[in-house]
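Chemist: Sharing a structure below in structure tokens format, with a few things to ask.
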Amino acid sequence: MVEQVRVINLAVEICGLLLCFLGILTVSIGAKIDKKTSRYFVAIFLCLMAYISSNICGLLFKGTPGTLGFYSVRITNFCEFFFGYLLSLLFTMYLLYCIDENKNKNIDKLRIVVFAYFILQVLILIISQFTNLYYYFDNNNVYHRGNWFWISQISAIISVIANSIFIAVYHKSLSKKEKIAFTVYLMLPMLALSIQIFYYGLFLTIFTQIISAFVMFLFILYDQTDKFCAQERENADMRVAIMLSQIQPHFLYNVLTSIYCLCDKDAQAAKQAISQFSKYLRGNLESIRRETPVSFADELTHVKSYLALEKMRFEDELDIVYDIQAQDFFLPALTVQPLVENAVKHGVGDTLNGGMVKISSKELDDCFEIEISDNGAGFDTESISNDNETHVGIDNVRSRLELMCNGSLEIESELGKGTTVTVKIPREGC
């Protein structure tokens, strides 16, 4: 009977290893989940594989005589407990990450407490290696539970209770599918743990953790796929809105009037203006079909086409300065051009003697930074919502930056001195 139980445990655990490998493969080949979620699930499945492998080795070396058996059973059992604690830590950290998507307060403090609890568990585990607190091995290198084994189980139950409290307190920060996924992951192993405290034989907790981890992954995958599709629809709507917002009737009228006047005075300049106008329109129209970010070099080309048309209109009243130190990165299409247009229209255009628009880019340690600045009229940043056209344009740019590459947009302005808009693109954002 004992040998049959051992064979069943080994078979279940080998199936568990294959299931974890399948989970890692699914995450790696392009599942539509965000990068941090992908990393967490890879870490969880790898930790489960290490946990299972330790248990398998413990079974195989159980009762093996000699030095090999002596060290093997002790190392594998230590690893089994350690990876169990690590698995609990990864789950809790992922739960807090999902809660923190809505920027809840005190989450960082909770992360510190959770990590400190993990360290405490590991320290007690290390102490138990010399005191037989949790378990011990007889002369035949066979594992036995120690008198204080229940502490290790209570420790795991405390983690489950803490996670349940997090779910209950911050349930509004979790989607319905996330709540189901986390609850399933907690409840199945908890049930198995309650049984295994009183019955030692089949490794119920390992089996249920494998199943519940995979079920949790499927629910999260389903949930994030829904979010991804909704985001794609939102991005498409934003691309249409930003494209339409850039083809302003007054701008088209001004450009066509300027070209009309050039036709009699300078035919060659008129041809160049028509070429720039064509490039500008093509860039706007192509942006509606773009579902992926564009290179900054391509965006800059589009900006230069726009500024060439404005230079034709303002002539010496518009100075354009480029300070491009980095361009080997990607960003959403039509990110810079609307901001440059605002600088020309509200910065230079609102002053009597014109002014300067400067576009700069540089590479920082953690991101790429773009600055669009002017020395024009400036404005009160609190009053930007009063200008509906500008407000919508900036909101569209900011939203697409956040959705497509986790970027940010900040505005600094001072009346009479000008405006600076700073865009930051994380290195791994787009």
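The values are calculated or read from the model by the stated rules, or taken from the named source; none is laboratory data. The model shown is predicted, which means the values in this text are computed figures rather than measured ones. Virtual Cβ from ideal backbone geometry, glycine too; neighbours counted across all protein chains shown.
Chemist: Quick one: how many residues across the stretch 318-354 are at pLDDT 85 or above and over 19 Å from Tyr280 (Cα atoms)?
Modeler: Going through the stretch 318-354 one residue at a time, the tally reaches 10.
Chemist: Quick test for you: out of Val321, Val303, pick the one residue that is buried (at least 20 other Cβ atoms within 10 Å of the Cβ) and not in a loop (DSSP other than H, G, I, E, B).
Modeler: Of the residues listed, the single one that is buried (at least 20 other Cβ atoms within 10 Å of the Cβ) and not in a loop (DSSP other than H, G, I, E, B) is Val303.
Chemist: Would you check if Tyr134 is closer than 23 Å to Tyr94 by Cβ and in contact (Cβ under 8 Å) with a residue 40 or more places away in the chain?
Modeler: Here the answer is no, as Tyr134 does not meet what is asked.
Chemist: Right, Val340: outside any loop (DSSP other than H, G, I, E, B), without any contact (Cβ under 8 Å) to a residue 40 or more places away in the chain and in the same structural domain as Val255 (by TED's automatic domain parsing) or not?
Modeler: yes
Chemist: Could we say that Ala192 is under 22 Å from the mean Cα position of the chain (by Cα) and either modelled with pLDDT of 75 or more or part of a helix (DSSP H, G or I) (or both) here?
Modeler: no
Chemist: Further question: State which residue is modelled with the lowest pLDDT when the search covers only the stretch 406-419 and only residues that are closer than 21 Å to Asp365 by Cα and of a type outside the set (Asp, Glu).
Modeler: Looking at residues that are closer than 21 Å to Asp365 by Cα and of a type outside the set (Asp, Glu), I get Asn406.
Chemist: Still on this structure, I have one more. Output the number of residues of the stretch 329-365 satisfying the condition of being surrounded by fewer than 15 Cβ atoms within 10 Å (Cβ to Cβ) and within 18 Å of Met404 (Cβ to Cβ).
Modeler: Number of matching residues: 0.
Chemist: Next up: Inspect the stretch 49-68 for any residue being under 30 Å from Leu174 (Cα atoms), surrounded by fewer than 20 Cβ atoms within 10 Å (Cβ to Cβ) and touching a residue at least 40 places away in the same chain (Cβ under 8 Å) and give the result as yes or no.
Modeler: Checked against the condition, which is being under 30 Å from Leu174 (Cα atoms), surrounded by fewer than 20 Cβ atoms within 10 Å (Cβ to Cβ) and touching a residue at least 40 places away in the same chain (Cβ under 8 Å), the stretch 49-68 yields no hits at all.
Chemist: Still on this structure, please answer the following. May I ask you to list the residues in the stretch 390-422 that are surrounded by 16 or more Cβ atoms within 10 Å (Cβ to Cβ), free of Cβ contacts under 8 Å to residues at least 60 places away in the same chain and in contact with a Gly (Cβ under 6 Å, 6 or more places away or on another chain)?
Modeler: Asn406, Ser413
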